[in-house]
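Asks: If you scroll down you'll find the structure; I have some questions about it.
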Amino acid sequence: MKAILSIIRKEFLQLRRDPRLLPVIFISPILQLLLLGYAADLDVKRIPSVICDMDRSAASRDYLDGFLNSGFFAVEARVERMDEIDRYLDDGDAAMAFVIPRGFGDKTAGGRQASVMIIADGSESQSATIGVNYATMIAAKYSQKILLESFERVKGLGLKPVLVNPEVRVWYNPELRSRNFMVPGVLGLILMIMTTSLAAQGIVRERETGTMEQLIVTPIRPYQLILGKLLPFVLIGFIDAIFVVAVAKWGFVIPVRGSVPLLFALCLAFMLNTLGIGLFISTISRTQQQAMLTSLFFILPMTLLSGFVFPIENMPRFFQFVTHVIPIRYFFVIIRGIMLKGAGWPELWDQVAALLVLGTVILGLSVARFHKKLE
Amino acid sequence: MSGNSIEVKSLTKKFGGFTAVDGVSFEVGRGAIFGFLGANGAGKSTTIRMLCGLLDPTAGTATVGGFDVGREPERVKRVIGYMSQKFSLYEDLTVVENIRFFGGAYGLAKKSVDARLPWVLGMAGLKGRERSLTRTLSVGWKQRLALGCAVLHEPEIVFLDEPTGGVDPASRRRFWELINELSERKVTVFVTTHYLDEAEYCNDIRLIHAGRIVAGGSPRELKDKVIRNPILEVATDRAVDALEVLQKEPWVLETSIFGTSLHVSVADETEGRRLVRERLAREGIVPQRVDRIVPSLEDVFIHKIEEQAAGGEGSAEAAP
């Protein structure tokens, strides 16, 4: 016990003297919160669009107004000819184009089928998909309107249109704010990045400067050494967790509906995993630089496969399978569950069990690899 | 119970196909200053690391303080102090913080650390610099502080791996005084070095070359036993030319250069003197002096290594 306390005390003394580390611990959460809270907005609004109205009729203007008044599209330019559109899309000045061909007004008035062309820049597939969905929705609404109007005109025939109106309710995040989805995720990312890379570097530094050799000849037991080295990072993890949750709740007004103590307790289950990975990285790296790059090598794929950016259900089967060994996947469900849904133990126990099993295995393997020898 | 602190039998360490330490055996008496001498890469550090439980031996056995290093490494660790080549202290901790940390690491109570603190500060000459960051200390200070941290828990045996590398001569002298003090208090000191002059301070020496022990004994014994032939010191301004000439002569057993003089090993003193003067005169070299000298450990070492290189075992005629 005395040995563990000595190591912990020493770690904090060193942290206090490291001029780079303190900013990293506090600035990186702020930065990520700002980036993911403000910049990484997946809600697509005001897509820059080019309008090419070759019909110039009352009907075409009416039709286009349907798009422009929706708020999803903004007019970047109006052009006369089709070929002028290319320039805007090529330069990336516009992401969508609406082309109304000649004769659109006459056709709709005459009850014949009319076509419009919508061009989307598919190189940004995410906003293109959303834009096309909006456009299709608006176009369908317009068709419905024409249909209804024609029914009005032939009232005498006794025909009644039957319409099904879906009443959509979005639970947990009624405004579908992507911020509500992203900011809780930051907690998981911060904990993973900080604890994994700091723990790996902290241990490798001892090896690099030769102090590890000095520690190995003391009667300190390997488990004491590991605990002494890792516990300080658990505390740093908690400080960051409190920080992120506070900023999320009061800064970004993200609802925190579930139990905060439960959330912090489960951070510990998650850190079992991240610290285990950090310890593992320290056993395969010789220098701090290697440790940092190796951490990145672990963190990046884990983030991509975590469900943070891409929904796991959309991944190919193989990768869906791989995500089962990615601890942060479970932690994301836990944080979002507790914060947005107010979920508790009954809803989350399976995720917690997965985290604990995975964490025990990872930490166990790393401890086994961490010999108290030099080679 | 023998009076030995360390007993090593056929200790071997292989790294892949490379044999760093090759069947080394020796004993170290309690309270001795045991010098382990050899060039860089000869296997000194590897041996010391096996004895401290930092590396597992490939073959052979060793007991340190009565405990087997392979079977009871953790018990060995309680009776030894170790100071590595790099004086591994925490550079970003102060002097006192380092001492307190290592005290804790050795499981000492705060009281015992408090009691030892003045002693360490005194021996390291660091009174008044307790709160300095270790980073800011000179190498000599760091080295003495490292020794202080290594003996905080009053071990029976101290391993010092090239403790005086990169240290100025005055600090080196002071450091050897500390080693003597430890020895007077019956602490066994196992020290590696490649400074042959330092070996003169040791009671017992082993020369290691390419993983094997090539000679051993007290400095006196080594000089008397190993070097049976007289050594002549030839002082001349043209030492390099003289070396080239003499090397080729069949009656010259060994030659080596020491600054502006040569050491020449010959079969007979008087005959040798005459031959050296005669041969050099033919090249127009007139040496200032040709005297018989008491061999230094360096002569012993060179003799032994040349013997090894020639593949001879104990043969005095092995020099090229």
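Asks: I need B:83, B:123 ordered by Cβ neighbour count within 10 Å, fewest first.
Replies: Details: B:83 25, B:123 18.
Arranged by neighbour count, lowest to highest, B:83, B:123 become B:123, B:83.
Asks: Next question. Please find the FRET efficiency linking residue A:319 to residue A:123, where r is the Cβ-Cβ separation and R0 is fixed at 25 Å, and quote it to the nearest 0.05.
Replies: Details: r = 23 Å, r/R0 = 0.92.
It comes out at approximately 0.60.
Asks: Using each residue's phi in the range B:296-310, evaluate 6.51 cos²θ - 1.76 cosθ + 1.60 at θ = phi - 60° and report the 3J(HN,Hα) Karplus result to the nearest Hz, with x for Gly and Pro.
Replies: Residue by residue, the range B:296-310 yields 8, 4, 4, 4, 4, 5, 4, 4, 5, 6, 5, 4, 4, 4, 7 Hz.
Asks: Another one. For the cross-link pairs A:10/B:86; A:10/B:77; B:9/B:86; A:107/A:145; B:44/B:304; B:248/B:304, which exceed 25 Å when the distance is taken from alpha carbon to alpha carbon? Working shown, then result.
Replies: Details: A:10/B:86 20 Å; A:10/B:77 21 Å; B:9/B:86 28 Å; A:107/A:145 15 Å; B:44/B:304 17 Å; B:248/B:304 20 Å.
Violating the 25 Å limit, Cα to Cα: B:9/B:86.
Asks: Find how many whole Å separate the alpha carbon centroid of the range A:297-375 from the alpha carbon centroid of the range A:107-126.
Replies: Using only Cα atoms to place each centre, the spacing works out to 44 Å.
Asks: Take residue A:58 and residue B:56, extend 7 Å from each Cα along the Cα→Cβ direction, and tell me the distance between the two endpoints in nm.
Replies: Calculated label separation equals 9.3 nm.
Asks: Also, I was wondering about something else. Taking the Cα centroid of the range B:173-247 and of the range A:218-283, what is the distance between the two, rounded to the nearest whole Å?
Replies: Taking the Cα centre of the range A:218-283 as reference, the centre of the range B:173-247 is 56 Å away.
Asks: Of A:71, A:310, B:124, which is farthest along the charge dipole of the protein assembly as shown in the positive direction, counting Lys and Arg as +1 and Asp and Glu as -1 at C-beta?
Replies: Of the listed residues, the answer is A:71.
Asks: Under 5 Å between amide hydrogens, which residues at least 5 positions from residue B:158 or on another chain qualify, with H placed 1.01 Å from N in the peptide plane?
Replies: The list, which skips near neighbours in sequence, is B:81, B:188, B:189, B:190.
Asks: Next up: Which distance in Å, rounded to a whole number, links the C-alpha centroids of the range B:129-159 and the range B:76-98?
Replies: 7
Asks: DSSP loop trypsin sites (Lys or Arg not before Pro) in the range A:334-375 with at most 14 other Cβ atoms within 10 Å of their Cβ, which ones? Mind dumping the intermediate values first?
Replies: Numbers: sites: A:336, A:341, A:369, A:372, A:373; in loops: A:372, A:373.
Answer by residue number: A:373.
Asks: Then there is this: Pull out the extension gain between residue A:177 and residue A:265, defined as 0.36 nm times the separation in residues minus the alpha carbon to alpha carbon distance; nm, one decimal. Before the final figure, lay out the partial values.
Replies: Details: separation 88, 0.36 × 88 = 31.68 nm, distance 2.71 nm.
Value of the extension gain: 29.0 nm.
Asks: From Cα pairs below 8 angstrom and at least 6 apart in sequence, can you work out the relative contact order of the range B:198-254, rounded to a whole percent?
Replies: Numbers: 30 pairs, mean separation 10.9, N = 57.
Relative contact order of the range B:198-254: 19 percent.
Asks: Toward the positive end of the charge dipole of the protein assembly as shown, about the Cα centre and with charges on Cβ (Lys, Arg +1; Asp, Glu -1), which of B:207, A:33, B:51 goes farthest?
Replies: Highest projection toward the positive end goes to A:33.
Asks: Helix-derived [θ] at 222 nm for chain A: sum -39500 (n - 2.57) over DSSP H runs of at least 4, divide by residue count, nearest 500? Mind showing how you got there, number by number?
Replies: Working: 14 runs with 229 residues, N = 375.
Calculated at 222 nm, the ellipticity per residue is -20500 deg cm²/dmol.
Asks: Let me ask another. Fewest Cβ neighbours within 10 Å first, please rank A:274, B:188 accordingly. Before the final figure, lay out each step's value.
Replies: Details: A:274 32, B:188 25.
Listing A:274, B:188 from fewest to most nearby Cβ atoms yields B:188, A:274.
Asks: Given a Förster radius of 45 Å and the C-beta distance between residue B:228 and residue B:114 as r, what FRET efficiency does 1/(1 + (r/R0)^6) yield to the nearest 0.05?
Replies: Numbers: r = 56 Å, r/R0 = 1.25.
About 0.20, to the nearest 0.05.
Asks: Another one. Would you mind checking the range B:206-238 for residues with the amide N under 14 Å from a putative spin-label position 7 Å along Cα→C-beta of residue B:310?
Replies: B:227-230
Asks: Mind putting a number on the dipole of chain B about its Cα centre? Charges go on the C-beta only, +1 for Lys and Arg and -1 for Asp and Glu, and I need it in Debye to the nearest 20.
Replies: Dipole size: approximately 1220 debye.
Asks: Okay, which of the range B:80-113 sit inside 20 Å, backbone N to the point 7 Å along the Cα-Cβ direction of residue A:287?
Replies: The answer is B:86, B:91, whose backbone nitrogens lie closer than 20 Å to the label point.
Asks: Just how large is the dipole of the range B:224-309 about the Cα centre, in debye to the nearest 20, putting +1 at every Lys and Arg Cβ and -1 at every Asp and Glu Cβ?
Replies: 180
Asks: Now, a different point. Apply the Karplus curve 6.51 cos²θ - 1.76 cosθ + 1.60, θ = phi - 60°, to the phi angles in the range B:153-160 and return the couplings in whole Hz, x for Gly and Pro.
Replies: For the range B:153-160, the Karplus curve yields 8, 6, x, 6, 10, 10, 9, 10 Hz.
Asks: Order by neighbour count: A:287, B:236, A:195, B:164, fewest other Cβ atoms within 10 Å first, most last. Walk me through the numbers before you get to the answer.
Replies: Numbers: A:287 13, B:236 19, A:195 26, B:164 22.
By the 10 Å Cβ count, ascending, the order reads A:287, B:236, B:164, A:195.
Asks: Label-point separation (nm) for residue B:136 and residue B:277, each offset 7 Å from Cα along Cα-to-Cβ?
Replies: Modelled inter-label distance: 6.3 nm.
Asks: Could I ask something else about it? Given the -39500 (n - 2.57) contribution per DSSP H run of 4+ residues, what per-residue ellipticity at 222 nm results for chain B, rounded to the nearest 500 deg cm²/dmol? Display every interim value, and only then the final one.
Replies: Working: 9 runs with 105 residues, N = 320.
Taking each H run of at least 4 residues, the total per residue is -10000 deg cm²/dmol.
Asks: Residues of the range A:290-324 with the amide nitrogen closer than 17 Å to a label point 7 Å from the Cα of residue A:353, along Cα-to-Cβ, please.
Replies: A:324
Asks: Percent of alpha carbon pairs in the range B:224-309 separated by more than 15 Å?
Replies: Details: 1916 of 3655 pairs.
Result for the distance tail: 52 percent.
Asks: Mind checking the dipole of the protein assembly as shown: about its Cα centre, +1 per Lys or Arg Cβ, -1 per Asp or Glu Cβ, Debye to the nearest 20? Mind showing how you got there, number by number?
Replies: Working: 80 positive and 75 negative charges, 502 e Å.
The dipole magnitude comes to about 2420 debye.
Asks: Label points 7 Å out from Cα along the Cβ direction at residue B:12 and residue B:177: separation in nm?
Replies: That separation, rounded to one decimal, is 4.6 nm.
Asks: Okay, next question. Report the extension gain between residue A:360 and residue A:65 in nm, rounded to one decimal, defined as 0.36 nm multiplied by the number of residues separating them, less their alpha carbon distance. Could you put the intermediate results ahead of the total?
Replies: Values: separation 295, 0.36 × 295 = 106.20 nm, distance 5.95 nm.
Result for the pair: 100.2 nm of gain on full extension.
Asks: Name the residue farthest towards the positive end of the dipole of the protein assembly as shown from the options A:216, A:1, A:251, assuming +1 on Cβ of Lys and Arg, -1 on Cβ of Asp and Glu, about the Cα centre.
Replies: A:251
Asks: Same structure, new question: What does the extension gain come out to for residue B:68 and residue B:220, with contour length at 0.36 nm per residue minus their alpha carbon separation? Mind dumping the intermediate values first?
Replies: Numbers: separation 152, 0.36 × 152 = 54.72 nm, distance 3.16 nm.
Between residue B:68 and residue B:220, full extension yields an extra 51.6 nm.
Asks: Moving to a separate point now. May I ask you to derive the FRET efficiency for residue A:141 and residue A:297 from their Cβ-Cβ distance with R0 = 41 Å, giving the value to the nearest 0.05? Let's see the in-between values first.
Replies: Numbers: r = 49 Å, r/R0 = 1.19.
Approximately 0.25, to the nearest 0.05.
Asks: Please state, to two decimals, what the Cα-based radius of gyration of the protein assembly as shown comes to when divided by 2.2 N^0.38 Å (N = residues). Present the calculation step by step, with values, prior to reporting the outcome.
Replies: Numbers: Rg = 39.9 Å, N = 695, 2.2 N^0.38 = 26.4 Å.
The reported ratio for this selection is 1.51.
No lab work stands behind these numbers, since they all come straight from the coordinates. Being a predicted model, the structure only gives us computed values, none of them experimental. Every residue, glycine as well, gets a Cβ built from its backbone with ideal geometry; the counts of neighbours run over all protein chains shown.
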